[in-house]
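So the structure is just underneath, and the comments pick up after that.
The values are calculated or read from the model by the stated rules, or taken from the named source; none is laboratory data. Computed from a predicted structure; not experimentally measured. A quick note on method: Cβ atoms are made from the backbone with ideal geometry, for glycine too, and the neighbour counts reach across all protein chains shown. The area values use the complete protein model at the heavy-atom level, side chains included, leaving out ligands, DNA and RNA. Shrake-Rupley method; radii C 1.70, N 1.55, O 1.52, S 1.80 Å.
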Amino acid sequence: MQIEGQVVLITGASEGIGAACAAAFRKRGARLSLTARSEDRLRAAGGPDALVTPGDITLPETRERVVRRTLEHYGAIDILVNNAGMGLYTAAWQASDEDTRRLFELNVFAPLALSRLVIPHMRERRRGMIVNIGSMAGKMTLPWFTLYSVTKYALGSLTEGLRMELLADGVHAMLVCPAYVKTSFQKHAMGSRPPAKVVKGKNFAISAEECAADVVRGVERNARTVVTPRYGWIIIAVARLFPSVMQSQLAGINRHV
Ligand SMILES: NC(=O)c1ccc[n+]([C@@H]2O[C@H](COP(=O)([O-])OP(=O)(O)OC[C@H]3O[C@@H](n4cnc5c(N)ncnc54)[C@H](OP(=O)(O)O)[C@@H]3O)[C@@H](O)[C@H]2O)c1
């Protein structure tokens, strides 16, 4: 999809990957509608022309407000980037019900509900794209992050399903699976600390700007799945071909929390 002039609605756009996506889409001439809870940071990320709608995206009223305001302001939504998300560093069997529900509300139910609000408008115009920011953790389960992986597998499956459901309607769905990206994601995650090796892995992390550049390129070529950085595909292939080897490696990292 050509990006110039398109209306792009991005969740979690106040910092990290979402803010970098806002900058990358704006550079390509997109018109932006941004949402997250912190208004000041949204304004800084969006520049003078962006439409900013602050609020908690897990609340139905925020989702309805951001869609309504975007349609009133721009008359259309061409691309929805479901980016807002968070982690939970707790063993699945120990996680509280409250944290688990919070995680699913943000990582799964919010993107699903927002997609439900936006897709009818896209179908009517027979054009549009849903971009879901998943994770490599949605391609291979990480034992220090099991429930996060569950949410990202769910988001990946949702993306594939929407793509097939909407194939005849001119609406596309793209999944993005970043590996490690330098943002405050770990700091914002619920639960305890990740294993030391995972923290050290930050040395190999890509920047939010590199991740956003891959998102934008993916949109331009109507990609189905974007893995960023691209060598992530090799790790996914190894996990698929040799699951027992991969799982014992990951379990080993997890033992040394
Ligand atoms: N960083 C990584 O290594 C990595 C790797 C793979 C996938 N991802 C995925 O990439 C996405 C973005 O992550 P990030 O690294 O950029 O994380 P981040 O730096 O923590 O940013 C998260 C964004 O989500 C917003 N947000 C959080 N809770 C919200 C809520 N209840 N309502 C509305 N907005 C909310 C935050 O804004 P406010 O606080 O202002 O609301 C912020 O803009 C997530 O889906 C994450 O799972 C990240």
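Summary of computed values
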quantity	calculated
Under 5 Å, built H, 5+ apart or other chain: amide partners of VAL131	LEU80, VAL81, ASN82, MET174
Leading residue at positive end of dipole, the chain (Cβ point charges), from SER135, LEU117, PHE104	SER135
Within straight-line cross-link reach of LYS27, lysines at Cα separation under 28 Å, skipping those fewer than 8 residues along the same chain	LYS182, LYS202
Cut-off under 5 Å, modelled amide H: who pairs with VAL226 long-range	LEU175, VAL176, CYS177
The chain - accessible surface per residue (Å², probe 1.4 Å)	49
Cβ-placed point charges (K, R +1; D, E -1), dipole of the stretch 25-115 about Cα centre in debye, nearest 20	460
Centre separation in Å (Cα based) which lies between the stretch 138-204 and the stretch 211-251	10
Given 11 as the ceiling on other Cβ atoms within 10 Å, longest exposed-site-free region of the chain for chymotrypsin sites (Phe, Trp or Tyr not before Pro) in DSSP loops	94-230
Estimated dipole of the chain in Debye, rounded to 20 [Cβ of Lys and Arg +1, of Asp and Glu -1, Cα centre]	580
The stretch 75-129: C-alpha gyration tensor shape, a/c 1.5 cut-off, then a/b vs b/c	prolate
Which of PHE242, TRP93, ALA189, positive extreme of dipole for the chain (C-beta unit charges)	PHE242
Rounded percent of accessible protein surface that carbon and sulfur make up, the chain, 1.4 Å probe	53
Reciprocal of mean inverse Cα separation for the stretch 25-146 (Kirkwood radius, Å)	15.8
Whole-Å distance, taken between Cα centres, linking the stretch 100-120 and the stretch 1-60	18
Charge dipole magnitude, Cβ of K and R +1, D and E -1 - the stretch 79-225, Cα centre, debye nearest 20	300
Computed [θ] at 222 nm, deg cm²/dmol, the chain (DSSP H ≥ 4; -39,500 (n - 2.57); rounded to nearest 500)	-14500 deg cm²/dmol
Dipole axis of the chain (+1 Lys, Arg; -1 Asp, Glu on Cβ), positive-most option in HIS172, LEU9, THR58	HIS172
DSSP bridge pairs, the chain: antiparallel proportion in percent, nearest 5	0
